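Nothing in this text is a laboratory measurement; each read-out follows from the coordinates by a stated rule. None of these values were measured; they are calculated from a predicted model. Cβ sites come from the backbone with ideal geometry, for glycine too, and all protein chains shown count toward neighbours.
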Amino acid sequence: MKKNLSAIFFSLVLCSCATMKTEKVSLNGMVYDFYNEPVQGASVFVDGKEYCRTDVYGHFTIENKKSGFCVNLVVKKQGYETVSFTAGVSGAGNLAYIKMYSQEQLLYKAESLFSDGAVQDALSVLEHASEAGADTLSVFFQEALILCSLKEYKTAEEKLLSLLELGFDNPYIYLLLADIYQYGYVSMVPAKNYLKEFLSKISDSSVQLRYDSL
């Protein structure tokens with residue numbers, strides 16, 4: 001009798017496992033940005049293949065997935081960071097909330113983190129902004145500012161000189177280079193030359209006084 005009960009129990013376990021393997025469920029997802037606004041038209045990739053795109057509300061649905069399994073998801077959209085993660089599918093009511101930031105939102109987030117003193121986090125976010133297609137001037141200049149705060153003047157200078165080599169002629173590049181030479185290297189002649197370059201593009205009384213004092 002005991003053997004029969006064991007056999008029945010074992011059969012029930014097998015039936016239960018078989019049922020779990022064949023159960024098909026759906027995974028619903030919502031994609032939002034930095035401001036909790038829906039991201040429309042984002043491509044959702046499942047296990048390396050594009051499956052669908054988010055609707056006007058940022059929603060998507062992945063159907064006919066086996067319960068108890070994990071799904072590898074990648075969400076992409078032009079001008080946004082790429083988000084990758086693994087979602088577990090465990091039964092009814094599967095819901096994935098996904099945050100993905102645009103390049104502008106990433107730049108803003110980096111600036112906010114830097115202002116709050118989270119320097120390394122700010123640099124990490126700027127890497128994401130660059131990958132999302134943020135303009136080189138904004139990324140490199142913010143990176144140079146952060147590097148100056150860390151007293152990594154040489155690397156900051158290289159970032160700014162790269163911008164000039166790429167054809168960017170923003171006056172604040174010269175002003176930050178002047179800061180590096182005056183306060184970082186304590187080298188006044190190059191600092192004065194960069195201040196002169198800045199003043200040739202923008203009239204600023206405080207910078208003029210600084211220039212005259214060197």
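Structure note, pairs Lys109/Lys154; Lys77/Lys154; Lys151/Lys201: Cα-Cα distances above 31 angstrom occur for Lys77/Lys154.
Phi-derived couplings, Karplus 6.51 cos²θ - 1.76 cosθ + 1.60 at θ = phi - 60°, listed residue by residue for the stretch 164-173: 5, 5, 7, x, 6, 10, 5, x, 6, 5 Hz, with x used for Gly and Pro.
Shown for His128, His59: other C-beta atoms within 10 Å of each C-beta, ranked fewest to most, produce the order His59, His128.
Net charge dipole, the stretch 103-213: roughly 440 debye, given to the nearest 20, about the Cα centre with Cβ charges of +1 for Lys and Arg and -1 for Asp and Glu. Classify the stretch 103-213 from the C-alpha gyration tensor, please: rounded if a/c falls under 1.5, else prolate or oblate depending on whether a/b exceeds b/c. Prolate is the answer for the stretch 103-213, as a/c is 1.5 or above and a/b outweighs b/c. Cβ-Cβ distance of Phe34 and Tyr185, R₀ of 35 Å, FRET efficiency by 1/(1 + (r/R0)^6): the value works out to about 0.40. Calculated mean residue ellipticity at 222 nm for the chain: -15500 deg cm²/dmol, from DSSP H runs with n ≥ 4 weighted as -39500 (n - 2.57), summed, divided by the residue count and rounded to 500.
The ranking of Tyr51, Tyr183 by Cβ neighbour count inside 10 Å, starting from the fewest, reads Tyr183, Tyr51.
Just to verify a number: FRET efficiency for Ser26 and Ser115, C-beta to C-beta distance, R0 = 35 Å, to 0.05? For R0 = 35 Å, the calculated efficiency reads 0.25. Entry note, the chain: relative contact order of 13 percent, from Cα contacts under 8 Å with a spacing of 6+ residues.
Amide H contacts under 5 Å for Phe69: Val89, restricted to partners 5 or more places along the chain or on a different chain, H placed in the peptide plane at 1.01 Å from N.
The string of couplings for the stretch 118-124 from the Karplus curve (6.51, -1.76, 1.60, θ = phi - 60°) is 8, 5, 5, 5, 4, 5, 5 Hz, one whole number per residue in order, with x for Gly and Pro. The list (i) 1, 7, 15, 18, 20, 16, 10, 5, 4, 2, 1, 0, 0; (ii) 1, 6, 13, 16, 16, 13, 11, 8, 6, 4, 3, 1, 1, 0, 0, 0; (iii) 1, 7, 11, 11, 11, 9, 9, 7, 7, 6, 5, 4, 3, 2, 2, 1, 1, 1, 1, 0, 0 gives values of P(r) over Cα pairs in 5 Å bins from 0, in percent, and only one came from this structure; which label was calculated from it? Read-out from the structure maps to (iii). What whole number of Å gives the distance from the Cα centroid of the stretch 147-166 to the Cα centroid of the stretch 50-123? If you average the Cα positions of each part, the centres end up 32 Å apart. Taking every alpha-carbon pair under 8 Å whose residues sit at least 6 apart, the stretch 24-99 reaches a relative contact order of 39 percent.
Shown in residue order for the stretch 45-51 are the 3J(HN,Hα) couplings computed by the Karplus curve 6.51 cos²θ - 1.76 cosθ + 1.60 at θ = phi - 60°: 9, 10, 6, x, 10, 5, 9 Hz (x for Gly and Pro).
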